[in-house]
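This report refers to the structure that appears directly beneath it.
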Amino acid sequence: MKTGQFFAALALPAALLAGAPAAHAAEGEGIGGFYVGIHGGRGSDSSDWAGTPNGNPAPGFSTANVADIDASGWLLGGTVGGRWQTGYLVLGLEGEASWANLEDSAANTAFAGRTNTTEIDWIGTVTAQFGIQTGKVHGYLEAGLGFTGSDYSVADADGVAPDLTGGISDTRSGPVFGAGFEYLVSSGFSLRGEYNYMNFGSNDYTFGGDTWEIDQTLHVFRLAALYRF
């Protein structure tokens, strides 16, 4: 997703917040209280790998040895949260956890026969929300902390010593920003769509006898069914 599209997605609920009269708060059922739900969706991960100079193999890796990996796939999970509402203003705290199946590979740019792979097994978020409800529609912005279980690996199939096959698993964390819209279907039940952007920054990992700097970001789109009680 391009930067312009990301900010456009966040601008939609902001416009709703700016233009909704307080009188509309009386329309429809309120959404304050606790809720649980299930969600499904799709994630798109961008992992930029950069090798760092070292003596294995000779010549050593340089920053020209890179692999740009875009792992995408489906996710499924649960949602739990609570909201406080006064008039049209809605404040909330929410946690989401998702099983994920995101994976992609890319050829090593410096050495033929070597493949770099990123896999994401799970995604979690804890966020604070700020939004409004007008009639049956609730629009919100959110920010908080995101987590992901990531697996990184290098497969060395060139048949030349040393064998650099290896991998590592890590739990990454970083800021998450998002926006969503929710529609009240009936008393206690609602449907919503949501977008999250997560930035996990750069971490260094050593496996297979070499060190990689991996810069990772993640885009997530979810559809959810929520029950309030």
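The values are calculated or read from the model by the stated rules, or taken from the named source; none is laboratory data. Nothing here was measured: the structure is a model prediction, and the numbers come from that model. Note that we place each Cβ from the backbone using ideal geometry, even for glycine, and neighbour counts take in every protein chain shown.
Being farther than 22 Å from Val220 by Cα and either of a type in the set (Gly, Ala, Ser) or part of a strand (DSSP E or B) (or both) is the filter here, so list the residues in the stretch 92-118 that pass it.
Answer for the stretch 92-118, where residues must be farther than 22 Å from Val220 by Cα and either of a type in the set (Gly, Ala, Ser) or part of a strand (DSSP E or B) (or both): Ala107, Ala110, Ala112, Gly113, Arg114, Thr115, Asn116.
For the stretch 30-53: of the residues being outside any strand (DSSP E or B) and surrounded by 14 or more Cβ atoms within 10 Å (Cβ to Cβ), which is modelled with the lowest pLDDT?
So the first thing to find is which residues in the stretch 30-53 are outside any strand (DSSP E or B), and the list is 30-32, 52-53.
Now narrow it down to the ones that are surrounded by 14 or more Cβ atoms within 10 Å (Cβ to Cβ): 30-32, 52.
Working: Gly30: 85, Ile31: 91, Gly32: 92, Thr52: 65.
Within the stretch 30-53, the match that is modelled with the lowest pLDDT is Thr52.
Can you run down the residue pairs with Cβ atoms below 6 Å, 6 or more apart or on separate chains, where the first is in the stretch 203-229 and over 18 Å from Ala50 (Cα atoms) and the partner is of a type in the set (Ser, Thr, Tyr)?
His219/Ser44; His219/Tyr197; Phe221/Tyr195; Ala224/Thr79; Leu226/Tyr35; Leu226/Ser190; Arg228/Tyr35
Run down Ile132, Ile123 and say which single residue is β-branched (Val, Ile, Thr), under 20 Å from Tyr88 (Cα atoms) and part of a strand (DSSP E or B).
Ile132
For the stretch 148-182, how many residues meet the condition of being surrounded by fewer than 19 Cβ atoms within 10 Å (Cβ to Cβ) and in contact with a His (Cβ under 8 Å, 6 or more places away or on another chain)?
1
Taking into account only those residues within the stretch 186-200 that are farther than 29 Å from Ser150 by Cα and in contact (Cβ under 8 Å) with a residue 40 or more places away in the chain, which is surrounded by the fewest Cβ atoms within 10 Å (Cβ to Cβ)?
This residue is Ser187.
Look at Tyr140 and say whether it is surrounded by 21 or more Cβ atoms within 10 Å (Cβ to Cβ), touching a residue at least 60 places away in the same chain (Cβ under 8 Å) and either closer than 26 Å to Ser72 by Cα or among the basic types (Lys, Arg) (or both).
yes
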